[in-house]
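The values are calculated or read from the model by the stated rules, or taken from the named source; none is laboratory data. Here the structure is a predicted model, which is why all the values come from computation and not from measurement. Note that we place each Cβ from the backbone using ideal geometry, even for glycine, and neighbour counts take in every protein chain shown. Surface areas here come from the heavy atoms of the whole protein model, side chains and all, with no ligands, DNA or RNA. Shrake-Rupley method; radii C 1.70, N 1.55, O 1.52, S 1.80 Å.
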Amino acid sequence: MPSATPSPAWDGRRPATGTEAGATALLGWLTDPDAPRLCLVTGAPGSGKTALLGWLATYARAGRPRRRAARVLVPLAGQSALGATWTIADRLGVVARAPGDLVHALATSEARPAGRTVLLLTDLHDAAEPAALTELIAELAGVGRIRLVVEARSGTHAPDALRTDRRVTVVDLDGDADPADGPAHERGRPQPDLSDPVAVCTADPLLVTTAYVTGSAAAGLPGTLDGPEPPSRPGENAAEDHGGLRAAWMRAGQSLCREQTPADRASVLLAALGDGADPRLRPALAELAAASPWRLRWARHRGDLTPPWPGPVTVLGAAGGPLEGTLLVGDRTGTVRLLHEADASPAGRLAHTVPGRITALAPAPDGTVLLLDDRGRLHTVRGAAPRAPYLDRLTEAVSTTLARHPGTALAAIAGSVVVGDRLGSVHAFGLTGLHQAASHSGRVTAVSAVDSETPFVCSGGTDGTVRMWTPGRDPRPEPLTERASPVVSLHATQTPHGPLVAVAWADGLVALHRPEGGRTLSFRPGPPVRAVAVTGSGSLLIGTDESLVCLAPRS
């Protein structure tokens, strides 16, 4: 990967020789709350630009114990706009499939680290797509959450383009050459065989991304600045799509560009392959992925035909009782499709008349399905089996409560309905009464209930914590897990090997936890994760806007 490594003589405490004035100017800009959000560092080749940004990334003033704003260094040498988008998004804890998504995610994300993050971008002049990156930088400069320092060589297009914005601070280092400024060039490096799955999984992922992006431009395929193009079908742009590898890479790109082993990268890429891909790719990727902790059971993507893709996923449920072996998949229109768990083939639709969007669903053991709409109100869809009158009375009581106090999350087990609210509390409505716990700081985003020997509730919130609670007892003081990203989905179930808890966070990470002890497994599909679920056999389901993937942990 490109780097911004200063000369060996540089000790990190002082700016490189010849850049002291520039360092003073940068610190002045950094500490001035009224300064523009964008600072451009320019200069001739060898003037110390890259080393100056490397120094700023690690510099901290002596005697300042308070927490400083994060500084994130991202080299742009050899990068495409899409590759840089994925790198920046990953470093800042958001998920973005395209440059426009990155700007939107940073402007609207609920995760707010202390202070404004300072994004340090080196070697803009050496990028594979400097014009597109310059456009992205200008958009990012309008996001109040971050400040940017951008290095670009004098006399190139980028500095002139960025200077057209009146709200730019310029630090010009033109002067004598300094060997500390050594931008990394990728263009002369050997390009991997883009049709070879092993080659792309073992090569520099940013180099692979640039090759796929620039190759698509040369071939006249749709661009990637507004989002990855739809995957090709067999015979459609076959050569340019490299047998389906390129479409899969574009689908899962942010995950693939992370630091990881080739086996883990192969596992992600295998899960992203569409059904029109070259049949030789799957066995090759599966062999390389054998050392990863996951085995792919099946995956369905936008454009798949056999069986068809079930549509965008907003909510997921793995049913038991009369619906054992059935998955419930809700989309943004409110439709809930039924799928066979074995292969995601269609099994019908849920007969319901809920207006608007469904934000949560909860299959009950008797075959009834409870739904929560986008106003926080409860709806009941009866199953085929007769229902005990006391269960009807319970759901009617919960429905009446939520009409006055809307819910934000929903779960159900035998004789109990669990609801989360916007204030961080979890409410367990049962046949023996109501139990409540103030579990989170901020909105509860997901709840799940497990009917085991000792029933328990799991909940996740915008505070990034996942907590376990047995109604009627005090909540556990320590969270099951905690991260600096909001929880977007959560599901727990009992399996033959003990309870499992699946959690998805807003930064794209999915984790499978074993509350009774054991290794936690994680997976990043690439796009934003909308919903997760665990089946009774212990498989993990991950739903996104264009994919539904089923993974099984390797024993």
5 Å is the cut-off here: which amide hydrogens, built 1.01 Å from N in the peptide plane, fall below it relative to VAL171, excluding neighbours closer than 5 in sequence?
LEU40, VAL41, THR42
Keeping all protein chains in place, calculate the accessible area per residue for the stretch 371-428 (probe 1.4 angstrom), answer in Å².
47 Å²
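Quick one: dipole size for the chain, taken about the Cα centre, charges +1 on Lys/Arg Cβ and -1 on Asp/Glu Cβ, in debye to the nearest 20.
1500 debye
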Diagonalise the Cα gyration tensor of the stretch 337-407 and give the resulting equivalent ellipsoid semi-axes, square root of 5 times each eigenvalue, largest first, whole Å.
23, 17, 9
Among beta bridges assigned by DSSP with both residues in the chain, the antiparallel ones amount in percent, to the nearest 5, to 80 percent
Within the accessible area of the chain (1.4 Å probe), percent carbon and sulfur:
51 percent
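Go ahead and estimate [θ] at 222 nm for the chain from helices alone: -39,500 (n - 2.57) per DSSP H run with n ≥ 4, summed, over the residue count, rounded to 500. Please list the in-between numbers first.
On the way: 12 runs with 130 residues, N = 555.
Computed mean residue ellipticity for the chain: -7000 deg cm²/dmol.
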Can you give the log10 of the normalised intensity I(q)/I(0) at q = 0.07, 0.11, 0.12 Å⁻¹, computed with Debye over equal Cα scatterers of the chain?
-0.46, -1.01, -1.14
For the chain, with the dipole built from +1 on Lys and Arg beta-carbon atoms and -1 on Asp and Glu ones, taken about the Cα centre, which of SER452, SER154, LEU512 lies farthest toward the positive end?
SER452
For q values of 0.18, 0.20 Å⁻¹, compute log₁₀ I(q)/I(0) with the Debye formula on a Cα-only model of the stretch 334-493, without solvent.
-1.13, -1.35
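Would you mind calculating the relative contact order of the chain from Cα pairs under 8 angstrom and at least 6 residues apart, reporting the percent as a whole number? Don't skip to the answer; put the middle values down first.
On the way: 1304 pairs, mean separation 61.8, N = 555.
With pairs under 8 Å counted, the relative contact order is 11 percent.
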With a ≥ b ≥ c taken as the square roots of the eigenvalues of the C-alpha gyration tensor of the stretch 68-112, please select rounded if a/c is under 1.5 and otherwise prolate if a/b is larger than b/c or oblate if it is not?
oblate
Residues whose built amide H sits under 5 Å from the amide H of GLY303, excluding neighbours closer than 5 in sequence, are TRP309
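On full extension of the chain, what length is gained from ALA351 through GLU135, given 0.36 nm per residue of separation minus the C-alpha to C-alpha distance?
73.0 nm
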What share of Cα pairs, in percent, lie more than 18 angstrom apart in the stretch 76-161?
37 percent
For the stretch 417-555, what is the Kirkwood hydrodynamic radius in Å, using each pair of distinct C-alpha atoms?
15.1 Å
